[in-house]
Amino acid sequence: TKRVFSGIQPTGILHLGNYLGAIESWVKLQDKYNMVLYSIVDLHSLTVPQDPTALRQSIFDMTAALLACGINPEKSILFQQSQVSEHTQLSWILTCMVRLPRLQHLHQWKAKAAQQKHDGMMGLLTYPVLQAADVLSYKSTHIPVGEDQVQHMELVQDLAQGFNKKYGHFFPVPQSILSMCVLVFYPAPMKKVKSLRDPSAKMSKSDPDKLATVRITDSPEEIVNKFRKAVTDFTSEVTYDPGSRGGVSNLVAIHAAVTGLSVEEVVHGSVGIDTAHYKQIVADAVIEKFAPIKSEIEKLKMDKDYLEKILRTGSAKAKELAYPVIQEVKKLVGIL
Ligand code: TYM
């Protein structure tokens, strides 16, 4: 059977990169597969310092945002990672099967370790193993993620294969589903939403430059301002060429993704428009796309009891699925 699994950290507000890179395809996959699980990975958020009150609130906020984007608890299991203790149990077993250099070679660790001058927390290093445990706790087969998670997914595949080799075939080897890549493939792939301030970097929740990231809850004025200040180049024409014109191409990719048009159609429709004017057009398309989601978030945020109920029900369902898998794993490794 095909099982879809994916996760998102609750900290920081959902942004355009998360939405186009992952959440939009999460919504579509609910109708394609029978077993679909989406996790708010609160334990992953603990890899960097968090304020307890803010963290508690952000779990609710992310729940509201995902529901507003179209995650439907009737069609998928939406749950909080920490409430299913099986994840951390499997994580330990997998941690004992992975060598230190394998984790030290992952891009995200290298980037983060460099920032922290080799004085980072252990959780930052072992976090991809917990990610593997998230996926494998449900014997998941399909994982919709953005391009930045592909290397982590390769580790998940290696761990599944390593486990199977040692203990006999047990885990399916999960496949990544890259939505952004499929959406914007012509004529060159654009694999992630880039920062509006630096087209060589991905758009990220933690970017210190507030203008780099478009949040789903930004006001129309903020969105217009962020696009107006987006870094482009000295050519005023709108073209799609991620290799040499990263800034404009990022705008075209965003425009295509939020309108559902192809890159070719977007470029064709923008003949004679200069980039300054084009930025306004893209901003308007993003505002239009986010407006209904934004008002739904506001509505849902007022009903904390409902959000709590969704998470509680989801976590119970997830636990029911993960428990027998981890029992089997324990038998296979010889601790049960
Ligand atoms: P997180 O919370 O950083 O991001 C959630 C999802 O959004 C995608 N994404 C992007 N896609 C395109 N362009 C961008 N600029 C961009 N920024 C973020 C991410 O690829 C991701 O799909 N470790 C994971 C969460 C996780 C997980 C898992 C994912 C934990 N366990 C198991 C899949 C399966 C993370 O920190 O994602």
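Taking the numbered list (1) within 16 Å of the chain's Cα centre (by Cα); (2) surrounded by fewer than 17 Cβ atoms within 10 Å (Cβ to Cβ) in turn, TYR127 passes all entries but (2). Pairs linking a residue in segment 138-151 that is assigned to a loop (DSSP other than H, G, I, E, B) to a residue that is open to solvent by 30 Å² or more (accessible area, probe 1.4 Å) and within 6 Å of the ligand (Cβ to nearest atom), with Cβ atoms under 7 Å and 6 or more positions apart or on different chains, are GLY146/LYS192.
Examine segment 62-84 for a residue that is in a helix (DSSP H, G or I), modelled with pLDDT of 95 or more, within 14 Å of the ligand (Cβ to nearest atom) and under 28 Å from PHE171 (Cα atoms), and state whether such a residue exists. Looking for residues that are in a helix (DSSP H, G or I), modelled with pLDDT of 95 or more, within 14 Å of the ligand (Cβ to nearest atom) and under 28 Å from PHE171 (Cα atoms), one finds at least one in segment 62-84, hence yes. Which residue pairs have Cβ atoms closer than 6 Å, lie 6 or more positions apart in sequence or on different chains, and pair a first residue in segment 37-49 that is closer than 16 Å to LEU125 by Cβ with a second residue that is surrounded by fewer than 22 Cβ atoms within 10 Å (Cβ to Cβ) and not polar (S, T, N, Q)? Once the first residue is closer than 16 Å to LEU125 by Cβ and sits in segment 37-49, its partners that are surrounded by fewer than 22 Cβ atoms within 10 Å (Cβ to Cβ) and not polar (S, T, N, Q) give THR47/GLY123; THR47/LEU124. When ASP218, ASP305 are screened for being acidic (Asp, Glu) and open to solvent by less than 20 Å² (accessible area, probe 1.4 Å), only ASP218 passes. Note on segment 228-302: enclosed helices (runs of 4 or more DSSP H) holding 2 or more residues that are closer than 21 Å to LYS202 by Cα are 246-259, 275-301. Criterion applied to SER236, SER270, SER244, SER200 was being more than 16 Å from the ligand (Cβ to nearest atom), open to solvent by 20 Å² or more (accessible area, probe 1.4 Å) and touching a helix residue (DSSP H, G or I) at 6+ places or on another chain (Cβ under 7 Å), and the one residue passing it is SER236.
A search for C-beta distances below 8 Å between a residue of segment 155-177 that is modelled with pLDDT of 95 or more and any residue that is surrounded by fewer than 16 Cβ atoms within 10 Å (Cβ to Cβ) and charged (D, E, K, R), counting only pairs 6+ apart in sequence or on different chains, returns LEU155/ARG102; ASP158/ARG102; PHE170/GLU328.
If the condition is being within 6 Å of the ligand (Cβ to nearest atom) and open to solvent by 30 Å² or more (accessible area, probe 1.4 Å), then segment 1-12 contributes GLY7, GLN9.
Cβ-Cβ distances below 7 Å connect the following pairs, each with a first residue in segment 307-333 that is assigned to a helix (DSSP H, G or I), a second residue that is basic (Lys, Arg), and a separation of six or more residues or different chains: VAL325/LYS139.
Screening segment 13-58 for residues that are open to solvent by less than 50 Å² (accessible area, probe 1.4 Å), in a loop (DSSP other than H, G, I, E, B) and farther than 25 Å from VAL252 by Cα and picking the one that is nearest to the ligand (Cβ to nearest atom) gives VAL41.
The values are calculated or read from the model by the stated rules, or taken from the named source; none is laboratory data. Note that the structure is a prediction, hence the values are computed from the model and not measured. Here the Cβ is made from the backbone with ideal geometry for all residues, glycine too, and neighbour counts use every protein chain on show. To get the accessible areas, we keep the full protein, side chains included, count just its heavy atoms, and leave off ligands, DNA and RNA. Shrake-Rupley method; radii C 1.70, N 1.55, O 1.52, S 1.80 Å.
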